[in-house]
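In what follows, a structure is listed as structure tokens, so that the remarks can point back to it.
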Amino acid sequence: MSDSPHELPIVVLDGLMPTSQRLVLNRRGSTVWQVDTRSGQYAVKLGYPIEATPEWPAQPWTALAPVREGNVLFQLGVDDIAYGEWEHGTWNIQPWHEGPDLYRLWEPCRVPGASFEPQVSAALGCVQALAELHFKGWAHGDVQPAHFIVGPERMHLIDLALARGGRVPKAVDFPFRGCLVHYEAPEISRSVLATGEAEPTEAADIYALGASLFISATGRRVVDYPDNAPRPVQRRAIVDGRRRAVSMPGRFATLVREMLNYSPENRPTIYEVGKALS
């Protein structure tokens with residue numbers, strides 16, 4: 001994480017005319033602000049390249065992520081978005097979605113001895129949000145609990161910078177090099193280890209959703225590897241199938257096991273997952 005976050009560029013301030021703003025996220029390659037205006041609330045994302053360190057290689061693609069996501073959102077028909085360039089990279093403006101993410105919502109499930117069980121309604125909300133994306137011909141590529149926001153009326157699936165499905169201009173595109181490894185399907189990890197790249201798929205999204213439901217309910221990763229293990233070591237554990245036993249309450253256990261099937265062709269579709277839950 002950088003010592004000081006990047007401030008909102010003048011072009012964004014002039015366009016939004018904020019009444020207030022709050023820093024939400026400040027990490028390597030990305031800064032996110034919640035911005036209040038007279039016309040509504042917005043999320044503003046700033047992207048900039050990650051410089052190389054002794055522990056991490058340089059990552060120039062992070063500078064393009066906000067404008068790529070803006071392009072994806074535009075193709076998906078999302079209203080009230082804007083995107084462009086600033087001195088360090090790119091930015092986008094999109095509607096702010098208020099509410100807890102899935103992991104926070106299911107926090108009571110993870111309290112030792114708790115009788116609280118994961119709500120089927122929340123899982124169905126995740127399924128519906130992902131199904132909408134798949135119906136439009138897109139794979140998300142970065143499904144994780146933090147990207148499901150539980151709004152007052154519906155579940156929102158956010159962070160589509162890595163999504164694949166439509167035609168993204170070459171000037172703002174970049175290869176998919178995997179996602180947060182906790183939710184990475186074996187075929188994705190295998191491809192990244194072999195070539196440095198992979199192709200997001202709907203089947204990989206299903207695996208990631210199963211892993212998201214499991215960790216949100218139990219607090220445990222699907223694949224067992226040390227917390228501080230390097231990414232290649234983590235991915236090798238995924239490819240080698242070092243899976244924990246899937247134990248979840250209610251109807252979830254059998255379904256999540258199917259979603260986490262090692263072979264992508266044997267995983268249920270998003271529609272089959274929804275049918276099983278409902």
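Every number in this text was worked out from the coordinates using simple rules, so none of it is lab data. Note that the structure is a prediction, hence the values are computed from the model and not measured. Heads up, the Cβs are rebuilt from the backbone with ideal geometry, glycines too, and the neighbour counts pull from every protein chain shown.
Things to note:
- Selection from 186, 139, 124, by position along the positive dipole direction of segment 102-277 (Cβ): 186
- For the chain, a simple Cβ point-charge model (Lys and Arg +1, Asp and Glu -1, everything else neutral) yields a dipole of about 780 debye relative to the Cα centre.
- Here the scattering of the chain is modelled by Debye summation over its C-alpha atoms, one equal scatterer each and no solvent; at q = 0.08 Å⁻¹ the log10 of I(q)/I(0) is -0.34.
- Angle in degrees between helix 186-195 and the longest Cα principal axis of the chain, rounded to the nearest 10: 60 degrees
- Axis of helix 202-218 versus longest Cα principal axis of the chain: the two differ by about 80°, to the nearest ten degrees.
- Fraction of alpha-carbon pairs over 14 Å apart in segment 10-95 - percent: 63 percent
- Sequence of 13, 162 once ranked by neighbouring C-beta atoms within 10 Å, starting from the fewest: 13, 162
- C-alpha long axis of helix 120-135 to longest principal axis of the chain, angle in °: 60 degrees
- By the helix-only formula, in which each DSSP H run with n ≥ 4 contributes -39500 (n - 2.57) and the sum is divided by residues, the chain has a 222 nm mean residue ellipticity of -9500 deg cm²/dmol.
- The packing ranking of peptides 236-248, 137-149, highest mean first, is 137-149, 236-248, where packing means the average number of other beta carbon atoms within 10 angstrom of each residue.
- Cβ-based exposure ranking for 277, 46, in which fewest neighbours within 10 Å come first: 277, 46
- Gyration tensor (Cα) of segment 58-166, equivalent ellipsoid semi-axes in angstrom: 29, 16, 13
- In plain terms, the residue of 136, 170 with the fewest other Cβ atoms within 10 Å comes first and the most crowded comes last, giving 170, 136.
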